[in-house]
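A.B. asks: Have a look at this one before I ask anything.
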Amino acid sequence: MLPSLEAAELPADAIEVGRIADAWGIKGWFKVLPHSAEPEALFSSKRWLLQPPGAAGSQAFKLAIREAKEHSDVIVASSEDVPDRNAAEALRGARVFVPRSSFPTAGDDEYYWVDLIGLAVVNREGVALGKVRELLATGPQTTLVLDAIEDGKPVERMVPFVSAFVDKVDLAGRLITVDWQPDY
């Protein structure tokens, strides 16, 4: 990392939102590969936390962002702390974190994927279908991937995350209720 960056600890609500791919241009801009197709968290936060490649634990570095914008399939960003191309190249491979508390507020019936992971899923009859392990963007819709144990064996289920099947998402109660049967 750059010697001018201030060391910091990752907060408990830090979410990895991307990775710095490379320098972009000669004036210190750098490319960020976002982990989301809609990387609003990268745009809303003016302070990112960087973790060097291969680093573990909660050690990170603060990076004040001057500007971040979309460019093709990546985000390009600049910082007062990154004055030229050489400095931008020194960031290559760094993981980018943003505190969850600095994400923009989601609209009605909108959810951040990170908030859905780990939620229990039950159907209308109260039958437990599993816990959300991940979400998949499958073109026209997003799909919940659930992990469950049945008869002592791991089972994977997929439930389309669309209003036709999802009755309720209770983030506070950590529960999603769906119109779905275990044998689908």
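A.B. asks: Would you please give the FRET efficiency between GLU6 and MET158, computed as 1/(1 + (r/R0)^6) with r the Cβ-Cβ distance and R0 = 41 Å, to the nearest 0.05? Intermediate results must be reported in sequence, preceding the final value.
C.D. replies: Details: r = 43 Å, r/R0 = 1.06.
According to the calculation, E is roughly 0.40.
A.B. asks: Where in the chain lies the longest segment free of GluC sites (Glu not before Pro) that are both loop residues by DSSP (not H, G, I, E, B) and have at most 11 other Cβ atoms within 10 Å? If you can, show how the numbers build up before the last one.
C.D. replies: On the way: sites that count: GLU6, GLU80, GLU110, GLU125.
No qualifying site falls inside 7-79, the longest such stretch.
A.B. asks: Separate question: Counting each DSSP H run of 4 or more residues in the chain as -39500 (n - 2.57), what helix-only mean residue ellipticity at 222 nm follows after dividing by all residues, to the nearest 500 deg cm²/dmol?
C.D. replies: On the way: 3 runs with 14 residues, N = 184.
After summing the helix terms and dividing by residue count, I get -1500 deg cm²/dmol.
A.B. asks: What is the order of ILE15, ILE26, fewest Cβ neighbours within 10 Å to most? Walk me through the numbers before you get to the answer.
C.D. replies: Details: ILE15 20, ILE26 10.
Neighbour counts put them in this order, fewest first: ILE26, ILE15.
A.B. asks: Once the piece of chain linking ASP179 and GLU40 is laid out straight, how much longer is it, given 0.36 nm per residue of separation minus the C-alpha distance between them? Write down the numbers at each step before the final one.
C.D. replies: Values: separation 139, 0.36 × 139 = 50.04 nm, distance 3.05 nm.
Taking 0.36 nm per residue and subtracting the Cα distance, the gain is 47.0 nm.
A.B. asks: A further question on this structure: From the backbone phi of the range 47-56, what are the Karplus-calculated ³J(HN,Hα) couplings (6.51 cos²θ - 1.76 cosθ + 1.60, θ = phi - 60°) in whole Hz, Gly and Pro given as x?
C.D. replies: Rounded to whole hertz, the list is 9, 9, 10, 10, 10, x, x, x, 6, 10.
A.B. asks: Among all the lysines, which ones have a C-alpha under 29 Å from LYS31's C-alpha, if same-chain residues fewer than 8 places away are not counted?
C.D. replies: List returned: LYS46, LYS62, LYS69.
A.B. asks: Could you pull out every one of the aspartates and glutamates with an alpha carbon less than 15 Å from that of LYS168, ignoring same-chain neighbours closer than 8 positions?
C.D. replies: ASP108, ASP109, GLU110, ASP115, GLU125, ASP179
A.B. asks: Quick query: amide H of ARG47 versus all other amide H atoms, modeled in the peptide plane; which residues come in under 5 Å with a sequence gap of 5 or more or a different chain?
C.D. replies: ILE65
A.B. asks: Whole angstrom only: what separates the Cα centroid of the range 107-133 from the Cα centroid of the range 1-46?
C.D. replies: 29 Å
A.B. asks: May I pose another question? On the first, second and third principal axes, largest extent first, how far apart are the outermost C-alpha atoms of the chain in Å?
C.D. replies: 59, 31, 25
A.B. asks: Using every Cα-Cα pair within the range 1-83, state what percent have a distance larger than 16 Å.
C.D. replies: Working: 1689 of 3403 pairs.
Roughly 50 percent, rounded to a whole number.
A.B. asks: Return the Rg/Rh ratio of the range 83-164 with Cα-based radii and a Kirkwood Rh.
C.D. replies: Values: Rg = 18.3 Å, Rh = 15.8 Å.
Radius of gyration over Kirkwood radius for the range 83-164 works out to 1.15.
A.B. asks: How large is ³J(HN,Hα) for each residue in the range 32-39, as worked out from phi by the Karplus curve 6.51 cos²θ - 1.76 cosθ + 1.60 (θ = phi - 60°), to whole Hz, x for Gly and Pro?
C.D. replies: Those phi angles translate into 10, 8, x, 7, 10, 6, 10, x Hz.
A.B. asks: Towards the positive end of the charge dipole of the chain, with charges on Cβ (+1 Lys, Arg; -1 Asp, Glu), say which of GLY25, GLY130, THR143 has the farthest Cα.
C.D. replies: GLY25
A.B. asks: Amide H to amide H, which residues 5 or more places from SER79 or on other chains are under 5 Å from it, using H placed in the peptide plane?
C.D. replies: ARG66
Quick note: the coordinates plus some simple rules give every number you see, no bench work behind them. Note that the structure is predicted; figures quoted are calculated from it, not measured. FYI the Cβ positions are ideal-geometry reconstructions off the backbone, even for glycines, and counts take in every protein chain you see.
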